[in-house]
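Worksheet: the structure to be examined is printed underneath.
The values are calculated or read from the model by the stated rules, or taken from the named source; none is laboratory data. Not measured: the values here are computed from a predicted model. Neighbour counts are summed over all protein chains in view; Cβ atoms, including those assigned to glycine, are modelled from backbone coordinates with ideal geometry.
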Amino acid sequence: EDVLNRYLDVPFILDSLENGDIECPTSMDLSCLGMSGHSFGAMTTQIMSGQRTGNPDLLDLTEERFIAGIAYSPVPNSRLKNPASEIYGDMTLPLLHLTGSEDHSPLDGPIQHLRDEIFEYAGSTNNAMQMSVILEGADHMVFNGSRGQLSDYDGMDNHKDQIKILALSWWDYFLKRDANSGHWIRQNLQGYLGTSSCVNIKNDTGSMI
C-alpha cells in the first residue's frame, strides 16, 4: 500500500499544480514535463512511463503528462512472475536507462541482466526512443550524488560530470526540442564517455516525441 501511494503521489502533485492548489513557479511549463529518479525513484519513473505493477493484477498507472524520462539505476520488477514483455512492453516514454558496471542492487546484488530486460521491452508498443548507458566503474551511489555507506571512489567527480552533461543533453533534446543535443547524443556521446562505457539506442526514428 505504501508503494502504491508513492506512485499515486505523482499525479496528485501534477493535479495540484494544474488546479492551483499549490503555488506553481512562473518559470514552470506544465505542458513540457519530464520525470527522473534514482533507484526507487527510477522505479517510480518507470511506472509513470507505463511499467506494470501490482500482484497479481498488472496495474497501469501511466502518467501521460510527461514527455520523457531518465531512470538512474533502473529497477526491474522481479517479484512479478509475468513475462517481461507484459511488465515493460507498454512503457511509452522516451527513456534514458542510466546505470554503471558496478551498479549492483543493495538488496539483490548484480542485476544488470534484469535491467537489460527493461530496455529490451520498453517502447515496444509505440516505438518510443530508448537509450541505455552503462558507465564503466560507476556503482549504485554514483547516481545518488553521495557515497552513502560505500567507500570513497576516485572516479566520482568524472562520473558526476558525465551524468550531468548526458542528462542535460537528454532534457534539452526532448523538452527544449534542441536538435543539436539530439545529434550530440547520437553521434558524440560514445566518444565522450570512452569505449569502456556502453551506449545503446533503439527505436530511434529521429523524432523528438
Members of the stretch 117-139 that are among the β-branched types (V, I, T) and either more than 15 Å from S197 (Cβ to Cβ) or surrounded by fewer than 20 Cβ atoms within 10 Å (Cβ to Cβ) (or both): I118, T125
Breaking point among (1) acidic (D, E); (2) touching a Pro at 6+ places or on another chain (Cβ under 9 Å); (3) farther than 27 Å from I13 by Cα, for E120: (2)
Wholly enclosed helices (runs of 4 or more DSSP H) of the stretch 1-109 bearing at least 2 residues surrounded by 22 or more Cβ atoms within 10 Å (Cβ to Cβ): 40-49, 84-88
Any pair with Cβ under 7 angstrom, 6 or more apart, that starts in the stretch 1-15 at a residue that is over 12 Å from T53 (Cα atoms) and ends at one that is assigned to a helix (DSSP H, G or I): R6/T44; V10/T44; V10/M48
Selection count where residues are of a type in the set (S, T, N, Q) and over 27 Å from D90 (Cα atoms), scope the stretch 161-209: 8
Extreme residue, modelled with the lowest pLDDT, among residues of the stretch 77-93 that are touching a strand residue (DSSP E or B) at 6+ places or on another chain (Cβ under 9 Å) and within 25 Å of F12 (Cα to Cα): N77
Hits in the stretch 110-127 - residues which are of a type in the set (A, V, I, L, M), under 13 Å from the mean Cα position of the chain (by Cα) and assigned to a loop (DSSP other than H, G, I, E, B): A122
Candidate set from the stretch 136-159 (those that are closer than 23 Å to R186 by Cβ and either within 15 Å of the chain's Cα centre (by Cα) or of a type outside the set (S, T, N, Q) (or both)); member that is modelled with the lowest pLDDT: F143
